[in-house]
Amino acid sequence: MNNIRTIYLYIVCFITLGMVVSGIASVVNNIASYYYPDSYVFFENKYDDYVYDYSEEEENEIEKENFKNERIKNAIVSGAVIIIGGIMYKYHWKIIERERNK
C-alpha cells in the first residue's frame, strides 16, 4: 500500500510542477504580447444590427485596449496557476521527503 501512495505523491508532484512551468510560460507570453502585440485584422460583424458611432481610429484604440486588458487578465490567471501549483507541489514534496527520512 505504501508503494501506491509513493507513486501517487510523485505523480501529483510531476503534475503540479508542470502547472508551475506552464504558468510561467504563459505569464512570459502574456507579458511579451502586452508589450509587443501581434497585428490582427478585425472584421466587422455583418449580422450586427447595432450602429456604432466610433470612428475607425477610435475602434482600433478600443480593440487595442481590449486586447491589452485580456492579456493582463490572462497573466493574472497564469499567476494564480503558478501559486496554486507551487503550493501543492511544495506540500506533496514535503510529504515525500518526510517519508523518505523515516
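Each reported figure results from applying straightforward, stated rules to the coordinates on display, with no laboratory input. Not measured: the values here are computed from a predicted model. Reconstructed Cβ throughout: ideal geometry from the backbone, glycine too, with neighbour counts over all protein chains shown.
How large is the dipole of the chain about the Cα centre if only Lys and Arg carry +1 and Asp and Glu carry -1, each at its Cβ, rounded to the nearest 20 debye?
1760 debye
With labels modelled as points extended 7 Å from the Cα through the Cβ direction, what inter-label distance (nm, one decimal) is found for residue 64 paired with residue 99?
5.5 nm
How large is log10 of I(q)/I(0) for the chain at q = 0.09 Å⁻¹ when the intensity is taken from the Debye formula with one equal scatterer per alpha-carbon?
Normalising to I(0) and taking log10 leaves -0.44.
Angle between the Cα long axis of helix 56-100 and the longest principal axis of the chain, 0 to 90 degrees, nearest 10?
0 degrees
Does anyone have the angle between helix 2-35 and the longest principal axis of the chain? Alpha-carbon axes, 0 to 90°, nearest 10?
The two axes meet at around 30 degrees.
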